[in-house]
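The values are calculated or read from the model by the stated rules, or taken from the named source; none is laboratory data. Owing to the predicted nature of the structure, the values given are computational and were not obtained by experimental measurement. With ideal geometry, Cβ positions are generated from the backbone for all residues, glycine too; neighbour counts draw on all protein chains shown. For the accessible areas, the whole protein counts, side chains as well, though only heavy atoms, and no ligand, DNA or RNA atoms are used. Shrake-Rupley method; radii C 1.70, N 1.55, O 1.52, S 1.80 Å.
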Amino acid sequence: MRDPEMEELSGTKRKKTPHSTLEKVSELILPGVAHQFLFNTAFEFPVARLLLGAAFGAISGAALFLGLVHNLSMTTFHKVIAGYVFVAVCVLGGMLSSYFRCSVLLVFPSMLGSRGRSYLMIFVLHCLYQGPIANIQRNVQDVAFSMGCNIDLQISHSKVMWRVLTEPFIQVLQEIVDDSVKLQREAQNASRAFQRIRDEVMGQYGYDSFGQSPAATGSSTQEQYAAKTMMRCDYIVKEGIERCQDWFGAKWEVCMDTIKSPVISHFLCVPMKFTFLCNVMRVMIPTCKEQIPVEGNFGQIFDKLNSSISKLGEQFTSSVVLQKLEQQSMYGVTVLHDEFRKELMKSFQEKRDIVEQIAGFVQILLSCTFITLFTSAIGYARQYTQDIRFDNVYITTYFRQIDERRKRAGKTYLLPMKKAEKRNFINPWSLMIHPKEFQFVTGGLVQVVSLALFVCVLLAMDGILYHIFDIIRRHTFAEYSLISSHDVHIDIGGKSMLANLLRKTVGAFNTSSSLDMQSSNQQCLPEPQALSQADYLWSVIPLLVMGLMCCLQVYTNRLRRVISAFYFPKREKRRILFLYNLQIRRRISYVSRQCKRLRSRRLPPKPALGVLLASLERLGCGLCWCWVCEERVKQSQAVHCTAPACGALYCPQCWRDLGSCYACSSNKHSQPEQPEDSSSDTHVYYVS
């Protein structure tokens, strides 16, 4: 069926009537030349159009490039080169393609739509990383390093106490090492002094050793020394007798030389021959055997002393060797503070690298999301020019003009539309949100609320951790007092060899020391940081903007059609004529379609709040819903079908449009049914 309104596309020469509100406003406020430049054909003002298109392409290209690359890690040189190339392409597109100019302008309504919310959602995630997530990581790292610092402090105190305990002993040993030469000299002097005693005890003198061996009397030093003493006693007695006899002999010769008379000399000198008197000295031999002047343990003492002096006289060396034991790990954690700190820093560095990689990926997503803004604008322009059903649900100015002309000509017209038809069309000038638009608004608000809950959880977690760490900082301060002193004094008197030796060894223990150290863990206390007001604002404001965008996208989405209609006016006329003719066919079959739909329905429509409002309906003050337009209506104004077992309910306007209840089986044949075109090509649809 060809509608006479198609004559609008014939290009007649009569004065052109503005077919859009934008064109009417332009005609009223702009000069005539500017209005003709904007809304006349592209063949007029070719040079000015090229220049303005180039300027538009340069400005839009620079803006798009800045939004694209500011989140990408590129060198300045590469950014400049890429920027020149990108702007040059945009300049060519702005000069030669209205399709490109339309797509660029469509980016701005898309910013307030779902693509803009996606960009803000990723931006919120980026702000969360820069704000609470980074702050939580920083505070946890600070507390971990505080634990490491406290462990380091405890180990340092343990080292100090251990050094205080071991330093005197190390000092004593070091003094012994330093005095090793003097000790060696004293030991050699003691060995030389003892040599005379050794020679006296072990020597074979004082007796006639020819043919005699003291070893025959025993093997021990005690027995040998006793035998030597007895032999010396016998030797002394024998020497005494021999010397006595020699004395008598010498006196005999002196007497004989003195007295010259032979007879008288022999008579008078005869006493000098009494050598038997010398044997009186043998009386000492039993005394020597019975009372040998040797103590019973003299041999053992001498052997021990001889062995000690012999060892003392050997080469004396001393050195201090400190052995460091490797610290064993406990439960898989090394206690050494240096290793602990290194492992802790390594672990946090690995986590930081992972988070930075995620942050870099988020930066790339921000740029990619910005690209989707432009691609969605291009996609909208492409579908607008190719699909006549795409986003073709608006009652525009041209739609009203067509309806007004048909009304004046006495033909079938559409406005005002029936109540059941209004749900299929959107009035661009209406501030009310259409049910089709409300579905996308609800979906966007669900996303915003979900993200807001996540942000609130993160902010609450950050605040809780901050307060916990602040309590730890304020209540874990500790002061340490290490006090230690000792004084050892050993006084060794005398000037003997042993006294000198003991003074060199035992005297080294004469040491004294004192320790008085005061410290605290002030430098180890964590310093948690709270989020600034700017961090909270950057986390909350984008959410508020997203919530506002969910409502504003309804109106900005309507601007997309206006922008596309400005650049493709002929295509817009064909779309409106198609929509008007389609609705004319639907109006003809309106009664048949409603009759068929009511007969197939056995239950009233159940809205989302129907269960909650059921109790109010029982009281007679609730709301009910029309079976035709499915809009709410007060029970006092609703029209009920009087037929038994029907239960159909209508609003006043739908009842007037139908005239009777088509849900009753008794009225099945009251209205002849007409065929309905159910092809998918005849259905227009709305997009967000």
Margin query: Being in a helix (DSSP H, G or I), of a type in the set (A, V, I, L, M, F, W, C) and modelled with pLDDT of 75 or more is the filter here; which residues of region 234-267 pass it?
Written below: 236, 237, 241, 244, 247, 248, 250, 252, 254, 255, 256
Next item on the list: Give the residue that is modelled with the lowest pLDDT, with candidates limited to residues of region 192-233 that are part of a loop (DSSP other than H, G, I, E, B) and open to solvent by less than 30 Å² (accessible area, probe 1.4 Å).
Entry: 218
Note to self: Yes or no: region 90-104 includes at least one residue that is of a type in the set (S, T, N, Q), open to solvent by less than 40 Å² (accessible area, probe 1.4 Å) and more than 30 Å from residue 49 (Cα to Cα).
What the structure shows: no
Checklist line | Selected residue (criterion: farthest from residue 67 (Cα to Cα)) from residues of region 398-414 that are surrounded by 14 or more Cβ atoms within 10 Å (Cβ to Cβ) and modelled with pLDDT under 90 | finding: 413
Margin query: Taking the conditions exactly as written (closer than 30 Å to residue 94 by Cα, assigned to a helix (DSSP H, G or I) and in contact (Cβ under 8 Å) with a residue 12 or more places away in the chain), does residue 374 satisfy them or not?
Written below: yes
Notebook entry, point to check: In region 296-310, is there at least one residue being farther than 30 Å from residue 181 by Cα, part of a helix (DSSP H, G or I), at pLDDT below 70 and open to solvent by 100 Å² or more (accessible area, probe 1.4 Å)?
Noted result: no
Check: So, of the residues in region 493-530 that are at pLDDT 75 or above and in contact with a Lys or Arg (Cβ under 8 Å, 6 or more places away or on another chain), which turns out to be nearest to residue 173 (Cα to Cα)?
Finding: 525
Check: residue 358 versus (1) touching a residue at least 60 places away in the same chain (Cβ under 8 Å); (2) among the aliphatic types (A, V, I, L, M); (3) open to solvent by less than 70 Å² (accessible area, probe 1.4 Å): which is the lone unmet condition?
Finding: (3)
Margin query: Residues to consider are 318, 329; find the one that is modelled with pLDDT under 65, among the small types (Gly, Ala, Ser), open to solvent by less than 90 Å² (accessible area, probe 1.4 Å) and within 19 Å of residue 152 (Cβ to Cβ).
Written below: 329
Margin query: Any residue that is β-branched (Val, Ile, Thr), under 19 Å from residue 562 (Cβ atoms) and modelled with pLDDT of 85 or more - is there at least one of those in region 78-92?
Written below: no
Notebook entry, point to check: List pairs: first in region 568-596 and touching a residue at least 12 places away in the same chain (Cβ under 8 Å), second assigned to a helix (DSSP H, G or I) and among the β-branched types (Val, Ile, Thr), Cβ under 8 Å, 6+ apart or cross-chain?
Noted result: 568/385; 571/385; 576/402; 577/402; 580/402; 582/682; 585/682
Next item on the list: Could you check, for region 384-391, whether at least one of its residues is in contact with a Lys or Arg (Cβ under 6 Å, 6 or more places away or on another chain), more than 30 Å from residue 90 (Cα to Cα), modelled with pLDDT of 85 or more and crowded, with 16+ Cβ neighbours inside 10 Å?
Entry: no
